[in-house]
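See structure below.
The values are calculated or read from the model by the stated rules, or taken from the named source; none is laboratory data. Only a predicted model underlies this, so the values are computations on that prediction, with no experimental measurement involved. Heads up, the Cβs are rebuilt from the backbone with ideal geometry, glycines too, and the neighbour counts pull from every protein chain shown.
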Amino acid sequence: MKRLMLGISTSIWLTACALGSIAGSAELGDDGLHKQAWFATTFKDIAEDMQTAADEGKRLAIIFEQRGCIYCRRLHQDVLSDSKVSGYIKDNFMVVQYNLYGDEEVTDLDGEVLSEKKAAQKWRVLFTPTVLFMPEAAQADKDAGSIAVAAIPGTFGKGTTRHMFEWVRAKGYDGEESFQRYHARRLQEEPNPDMD
C-alpha cells in the first residue's frame with residue numbers, strides 16, 4: 001500500500017512539473033515578483049523608456065505587481081502563458097515591471113526622481129496587477145500617471161487582455177469606439193477569445 005501511495009504521489013508530482021513547464025509559468029524573481037523573459041529591464045526613466053519603445057516601433061506599458069499577489073500569479077500563469085496574448089504584447093509593447101512596494105529609483109516625466117512605491121502613490125496605483133499604458137509621446141510637464149491613455153486594473157481573461165492591448169495599439173482611446181464597444185465587437189468576430 002505504501003509503495004502504491006508513493007508511486008501515485010511521484011506520478012502526481014511529475015505530472016505537475018510537466019504541466020508547469022508546458023504552461024510556461026513565469027519564474028519568481030528575488031523580489032518575489034513573477035517574471036516574463038520578455039519584460040524589459042530598464043533604469044525606469046519614463047521618457048527614456050517611451051523613446052526606446054518608440055524606436056522599436058512599440059508602445060510602453062508599465063505593470064505594477066507585488067510579492068504574494070494571487071492575481072499577479074493568475075495573470076502570469078493563466079493569461080500571459082497563452083501565446084496569442086504574450087505574442088501580441090511582445091510584438092507591440094515594451095513592458096516594464098514595477099514593484100508596488102519597491103525602492104528602485106524611477107524618473108517621472110516631470111523630472112521628479114522617486115521610488116517605485118512613491119511613484120505608485122503619485123500615480124494613484126492602488127492594487128496589483130495594474131497596467132498603465134503610456135502615450136506615444138512624452139509630455140515633460142505632466143507625470144506618467146496623469147498622461148496614461150488607459151489602464152488595466154487587475155487581471156482580465158485572455159481575450160479581454162489581448163483586446164485591451166489591441167485597442168491601445170490602435171489608439172482606440174482617441175476614437176469614438178470605447179474599449180467596451182471594441183471588446184463587444186471583437187467578441188462577435190471571435191466568439192471564444194479565451195480559447196487557445
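Some points to look at:
- Checked against the criterion of being of a type in the set (A, V, I, L, M) and in a strand (DSSP E or B), region 155-166 has no qualifying residue.
- Among all positions in region 22-39, there is no residue which is assigned to a helix (DSSP H, G or I), at pLDDT 95 or above and buried (at least 20 other Cβ atoms within 10 Å of the Cβ).
- Within the option set Ile147, Ile152, being at pLDDT 95 or above, within 16 Å of Gln97 (Cα to Cα), β-branched (Val, Ile, Thr) and surrounded by 15 or more Cβ atoms within 10 Å (Cβ to Cβ) holds for one residue only, Ile152.
- Residues of region 164-178 that are under 16 Å from Ile147 (Cα atoms) and either loosely packed, with under 15 Cβ neighbours inside 10 Å or free of Cβ contacts under 8 Å to residues at least 60 places away in the same chain (or both): Lys171, Gly172, Tyr173, Asp174.
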